[in-house]
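A short write-up of the structure that comes next.
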Amino acid sequence: MNTTASQYLVGIDLGTTHTVVAYAAINDPEKNIRLFEVQQLVAPGEVAERPLLPSVRYHPAQGEFSDAAGFLTAEDGAILGEAARVLGAKSQGRLLTSAKSWLSHASVDHTAAILPWGSDESVFKVSPLEASASYLRHVRSVWEQRFPQAPLSRQNVVITVPASFDESARSLTLRAAQMAGLTDVRLLEEPQAVVYDWLRRHAGSVGPSLGDSRLLLVCDVGGGTTDLTLIKIEHGEGEPKLTRIGVGDHLMLGGDNIDLALAHLAESRLRGDGKKLSAADLSQLLEQCRIAKEKLLADDAPEQMAVTLLGGGSKLIGGTRSTFLTREEVKDIALEGFLPLSGLQELPDKKRSGVVEFGLPYAAEPAISKHIAAFLQLHAQAAKAAFGSDNIVPDALLLNGGVFRSQTMVQRVTALLTAWRGGQQPLLLGNRHPELAVAYGAVSYAVARQDKKLKIGGGAARGYFLLVDTIGGKDAVKRGVCILPKGSEEGHEVLLSDRQFALRVGQPVRFNLLSNSGDSDFKPGEIVELDDERFHSLPPLAVAFEGQQKAEVAVQLAATHTEVGTLRLQCVAVEDANQRWDVEFQIRKKAAMPMTADLPAQLPQAIDKIQSVFGPKSKQIDPKAVKTLRADLEKVLGMPRGEWSTPLLRELFAVLAEGVKYRRRSEQHERLWLSLAGFCLRPGFGYPLDDWRAEQLWKLYPEGLQFVNEKQNWAEWWTLWRRVAGGLAADAQQRLFNDIAKFIDPAAARQAGVVKQAALRGYEDMVRLAAALERLPVADKIRLGEWLLKRLAKPGEPEQSWWALGRIGSRIPFHGNNHDVIPAGTVADWLQQLLTVDWKKQTQAGFAATLLARRCDDRARDIDEDLRALVLDKLKEAKAPAIWQEMVAEFKQLDESQEKQIFGEALPPGLRLI
């Protein structure tokens, strides 16, 4: 084992746009901080050192480049650095950008190979996590070329993250560092790093430099995010005391959005035919607009700059199109669009729909000014306390990020705060290098930490709450218990001693957490009402105790704001405080429901009814009880099945799971058990521990049916798996597809034996099941869709096949990932075939077309506008329901009845799918 002592303090700003590295030698008494110039490809075949490593990857075509660059390419052959940007501006769909923004995107699998987003199948893809790790891996490689005696993995490394990053995004950042071989890493919030850099540059004169300022606003507008932090300044003897008192919520709004607005302007001028550019074309145009923006906002800006969209393939020359962006246009979009001089009471418009581009959900409100106003209103109480008056507008300002290399942008934010302060200009703290300050500040923080002279207090940026209860029905009130108050100091453990949990060995348990960054001063153990405005849901946490026993362990929860910069949650055994289990974020799972809820008082009688049929004594029960069990349960519970809540359904499923072996007593037992189990676990996700329940249920699949000659039992068998498909893993869905494919494939289905089997096993139910398998590879989904289209071209195919075709090719998946959606080009071909069908006579064909053409506002998934217009016209002509037309015309969230039509049946009442 290498026991080399650390020789350097290293700060890494893993940015959305650039990665920057700075360092200081530990044995240097002055602790001079140096910029680590990163060796990289700056053009094909040309290597140089640069202060910034662009956080982008270019994915070349096979054989496009030789391996001459050696270690300067990524392990998978991608090109990193300036050369990637140069190549990306001249190519279509091969440039991967904004990996950091994808780490905080809740609707994707961060470990799935989905980037570059919107590129075609010829381009190899990687996950957001791997992309982030590749930048760190590159830094490590070039560092160790320069300092072979001081491996980066042995140095004191600080990686910065937005203050707004939630716990899952922070955990993913640490995972990326570990993948790059950096195991001993600390995280630091970027706005704090900027302040540490300023403090270092003003060492010995911090007090005089701050003057009488009481409240500092750090506004860091990076490529992908706007990060806001408030720091209270307390004057006294010696240096002022600085305490971080507020951080902003995650805001996907930054320099990239300005580039995107300019790209949309250029696109409107370049589209001669009125059609939107492809995602690959827009990516190329965006890169050109970024370059133009930086030059046109500079002090010595030209009047205008050309942006050029190159053709592809044989159209490389003839397909080239150009337009111009002027200095005034860029200034107007950047200032009036993103930094307008709005009032302190003007807050973000929450009714606007967000912009989705390249698959990323950007902030709906583009005006950064309004987000700053909302941030100050949220922290008004703390701001007033800092001033000792009713003032909430900071009197000191520190700006950071590439946007503020432009003095025009600096002057606009200063003017904004001056207006809010009634004409009094805030003290503007100097930042000569807004693109480098975060990396320098990370090293300054490491120095302060080593010297035990940390300058900024404040502890945990957020308070954390465990969801413990939900009261009521439709307008339910959620309650949580505070497990770690905002401001908790680093390393200080908070034990929730007044709450105990009985956890069963060998069974996973999930906890739902929420965070709050507002002013409220909550105490550990305090019960709080939780609302969606102020409290933000985190990915659920889970723990499983090892062992097969059914013993229960009484535990308490202990929460700590760690030295690394993350939340640590542990279960502590009540009988032995040394016995602990780490509770880890399930980053890829979602849960939208609390652990406990009101259950009907008649539940014990309902359980008795189920156990009387599926229990050890069920042989002694009247055989008619099997036939009447559904009706008996409705009678006992006093409500029809459609009104049974999700918590109740999962309780009933637990009883059915315990009696699973008794399902084989008769064909009626088997049929009823399959029907009830699927009904109680649908849609297989959305409630704590559903993934575990689905895993247990899947163990039955290899056993198959007992009564294989009963057609109705086959119908319930396929219906069970369709109902819970959302909770099944990709390999389980693949096995289901493989087992039913021969019955749907028109070529195989012509065989006499298969025809006979399909009649017995329920062809229609198999088709509906196949359509629900959203985690299948895209190639399998396309095969399935092509099969159904062939079948639908002939008479006699059931109506369900239209619904299935729409579900398979839907633009917005029900439970799958956005990156598993069938390409828009393939769906366009299918729609051309559907347009030849009479939708007045065949209503379900119109519904299928609605799902295929449904607008999602992501140009990588959306169909062509001309084709959309044809679909809309035909829907109107067929007098299709208004909601179908709306789904095609605009992006629309569906209500419960509409979701029911897509899902195939009603979802449990109160189940809110996030």
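All of the numbers you see were taken from the coordinates with simple rules; none came from a lab. If you're wondering where the values come from, they're calculated on a predicted model, not measured in any experiment. Note: ideal-geometry Cβ built from the backbone for every residue, glycine included; neighbour counts use all protein chains shown.
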- Note on the structure: Looks like the range 241-302, by Cα gyration tensor root eigenvalues a ≥ b ≥ c and the a/c under 1.5 rounded cutoff (else prolate when a/b is bigger than b/c, oblate otherwise), is oblate
- Taking Cα pairs under 8 Å and at least six residues apart, what relative contact order does the range 763-914 come out at, in percent? 20 percent
- Query: Separation between the Glu75 and Lys711 pseudo-spin-labels, each 7 Å from Cα along Cα→Cβ, expressed in nm?
  - Reply: 5.6 nm
- Query: Residue by residue, what Karplus-based ³J(HN,Hα) values in Hz, rounded to whole numbers, does the range 530-535 have, using 6.51, -1.76 and 1.60 with θ = phi - 60° and x for Gly and Pro?
  - Reply: 10, 10, 6, 6, 9, 10
- Task: Counting only C-alpha contacts under 8 Å and six or more residues apart, can you give the relative contact order of the range 8-188 as a whole percent?
- Result: 21 percent
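Using a 10 Å cut-off on Cβ atoms, rank the peptides 389-400, 160-171, 291-302, 699-710 from the highest mean neighbour count down.
Working: 389-400: 20.4, 160-171: 23.5, 291-302: 16.3, 699-710: 12.7.
Packing order, densest peptide first, comes out as 160-171, 389-400, 291-302, 699-710.
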- Query: Arranged from highest to lowest average of other beta-carbon atoms within 10 Å per residue, in what order do the peptides 26-33, 640-647, 253-260, 484-491 appear?
  - Reply: 253-260, 484-491, 640-647, 26-33
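Let's test the formula: R0 of 30 Å, r as the Cβ-Cβ distance of Ala729 and Glu890. What FRET efficiency results, to the nearest 0.05? The partial results should precede the final answer.
Working: r = 34 Å, r/R0 = 1.14.
Once the sixth-power term is evaluated, E becomes 0.30.
What shape does the range 8-188 take by its C-alpha gyration tensor, where a ≥ b ≥ c are the square roots of the eigenvalues and a/c under 1.5 counts as rounded, a/b above b/c as prolate, and the rest as oblate?
On the way: a/c = 2.10, a/b = 1.27, b/c = 1.65.
The shape class here is oblate.
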- Task: Could you pull out every one of the lysines with an alpha carbon less than 23 Å from that of Lys617, ignoring same-chain neighbours closer than 8 positions?
- Result: Lys550, Lys609, Lys627, Lys635, Lys661
- Task: Run the quick spin-label model on Ser322 and Asn32: label points 7 Å from Cα toward the beta carbon, then report their separation in nm to one decimal.
- Result: 4.6 nm
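Stretched out fully, how many nm does the piece from His235 to Lys90 gain, at 0.36 nm a residue minus the Cα gap?
Numbers: separation 145, 0.36 × 145 = 52.20 nm, distance 5.44 nm.
Taking 0.36 nm per residue and subtracting the Cα distance, the gain is 46.8 nm.
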- What's the local net charge at Trp420, with K and R +1, D and E -1, over the other residues with C-beta under 14 Å away? 0
- Message: Using Cα-Cα distances under 8 Å and only pairs 6 or more residues apart, what relative contact order does the chain have, in percent?
- Response: 9 percent
- Spin-label model distance (nm) - Glu667 vs Glu575, 7 Å beyond Cα toward Cβ: 5.2 nm
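Given a Förster distance of 35 Å, report the FRET efficiency between Ala882 and Glu526 from their Cβ-Cβ distance, rounded to the nearest 0.05.
That gives a FRET efficiency of 0.15.
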- Message: Viscosity 1.567 mPa s, temperature 4 °C: what is the translational diffusion coefficient of the range 599-728 from Stokes-Einstein with a Kirkwood Rh over Cα pairs, rounded to a whole number of µm²/s?
- Response: 87 µm²/s
- Enter the angle in degrees (range 0 to 90, nearest 10) between the Cα long axis of helix 368-378 and the first principal axis of the Cα atoms of the chain, meaning the one along which they spread out most. 80 degrees
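Classify the range 111-224 as rounded, prolate or oblate, taking a ≥ b ≥ c as the square roots of the eigenvalues of its Cα gyration tensor: rounded when a/c is under 1.5, otherwise prolate if a/b is larger than b/c and oblate if not.
Oblate shape, in that a/c is at least 1.5 and b/c is the bigger or equal ratio.
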- Cα-based helix-to-principal-axis angle, 646-658 vs the chain, degrees rounded to 10: 60 degrees
- Item | Extension gain, Lys276 back to Asp390 (0.36 nm per residue minus Cα-Cα distance, nm) | 36.1 nm
- Message: Per q in 0.06 Å⁻¹, report the Debye log10 I(q)/I(0) for the chain, using one uniform scatterer on each alpha carbon and no solvent.
- Response: -0.47
- How do the peptides 83-90, 206-213, 688-695 rank, highest first, by the average count of neighbouring beta carbon atoms within 10 Å per residue? 83-90, 688-695, 206-213
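How far, in nm, would the chain grow between Glu533 and His202 when pulled straight, counting 0.36 nm per residue and subtracting the alpha carbon separation? Walk me through the numbers on the way to the answer.
Numbers: separation 331, 0.36 × 331 = 119.16 nm, distance 3.91 nm.
Taking 0.36 nm per residue and subtracting the Cα distance, the gain is 115.2 nm.
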